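Down below is the structure, laid out as structure tokens.
The values are calculated or read from the model by the stated rules, or taken from the named source; none is laboratory data. Computed from a predicted structure; not experimentally measured. Ideal geometry is used to build each Cβ from the backbone, glycine not excepted, and the neighbour counts take in all protein chains shown. Surface accessibility is based on the protein's heavy atoms, side chains included, excluding ligands, DNA and RNA. Shrake-Rupley method; radii C 1.70, N 1.55, O 1.52, S 1.80 Å.
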Amino acid sequence: MRTGGITAGPSLLAVRRRPLMYLGVDRHDPALPGQVLRVAVHLAAADPHGCVSRVDVVIESDLVFSVRDNGAGLAVDRIGPHREPWVTEALTGLFTGRGPSPAGMGLAMVTALCTTVVTDVWRDGRHYRQWADWQCPPPPLQVLGETEEHGTRVLAHLDGAYLGSPARLPLDIPELLSDPSRHPALPSDVDVSVIDRRSGVHRDAGRESHDR
């Protein structure tokens, strides 16, 4: 099916079966959890409208992280008749296509390796929330109320059963911000802040501090 210049691809099982193809890291590589986080950061920073100037990462635990940007917020309109809101499709569908990609296209690669992904969107005066996982149809997009904020926050719970023990997000912040795969460097005009609640380390624009 082709709508709005993008074509629906295979299910999220394709990512779980071949993470090396989609994420650049194999399933049994201990770098895979960190690579899922890096993909989420790259997608947040690579806003085709150039609205994002800051991305804030919080590592809650070894397999839970959030990524928030200060952009306009992922689109919630439908890209075609009888379609789901775009944020819902972005989290649950793999797409291909030519030309500029809608913001958020590729987030399904994150969802594919998670038990739960919760995405908050602050856009056009409203706060939206979408839940998703790799195996069940997503619930309807929620409207939580009015807001003056804008941006998108993705909270991801990585699938420990799939990743295996002792899977964990990197402890080294510079390693976490680097990207050894095929993904391009982050835009130089986007500041990335990382807070690791496991250790109290905060890294912002090349400076590191410890919470006390």
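Of all residues in the range 40-75, how many are on the phi < 0 side of the Ramachandran plot and over 16 Å from the mean Cα position of the chain (by Cα)?
Residues that pass the stated criteria total 5.
Which residue out of D26, D56 is surrounded by fewer than 20 Cβ atoms within 10 Å (Cβ to Cβ), modelled with pLDDT of 90 or more and either part of a loop (DSSP other than H, G, I, E, B) or touching a Gly at 6+ places or on another chain (Cβ under 7 Å) (or both)?
Result of the check over D26, D56: D26.
Suppose we keep only residues that are out of contact with any strand residue (DSSP E or B) (no Cβ under 6 Å at 6 or more places or on another chain) and of a type in the set (A, V, I, L, M) within the range 35-53. Which one would you say is most open to solvent (accessible area, probe 1.4 Å)?
A46
So, in the range 90-114, of the ones that are open to solvent by 10 Å² or more (accessible area, probe 1.4 Å) and part of a strand (DSSP E or B), which residue ends up nearest to G164 (Cα to Cα)?
Among residues in the range 90-114 that are open to solvent by 10 Å² or more (accessible area, probe 1.4 Å) and part of a strand (DSSP E or B), the one nearest to G164 (Cα to Cα) is F95.
Listed residues V76, V117, V87; which is under 20 Å from P33 (Cα atoms), touching a residue at least 40 places away in the same chain (Cβ under 8 Å) and open to solvent by less than 50 Å² (accessible area, probe 1.4 Å)? If you could, list the steps in order and put the result at the bottom.
Values: V76 fails: under 20 Å from P33 (Cα atoms); V87 fails: under 20 Å from P33 (Cα atoms).
Only one candidate passes the filter, namely V117.
Quick one: in the range 129-154, which of the residues that are part of a loop (DSSP other than H, G, I, E, B) and under 22 Å from N70 (Cβ atoms) is most open to solvent (accessible area, probe 1.4 Å)?
Of the residues in the range 129-154, the ones part of a loop (DSSP other than H, G, I, E, B) are 133-141, 147-150.
From the residues that got through so far, the ones that are under 22 Å from N70 (Cβ atoms) too are 141, 147-150.
Values: L141: 46, T147: 29, E148: 181, E149: 90, H150: 100 Å².
Once the filter is applied, the top-ranked residue is E148.
Restricting the search to the range 164-192, which residues are among the basic types (K, R) and either at pLDDT 65 or above or part of a helix (DSSP H, G or I) (or both)?
Scanning the range 164-192 gives a single hit, R168.
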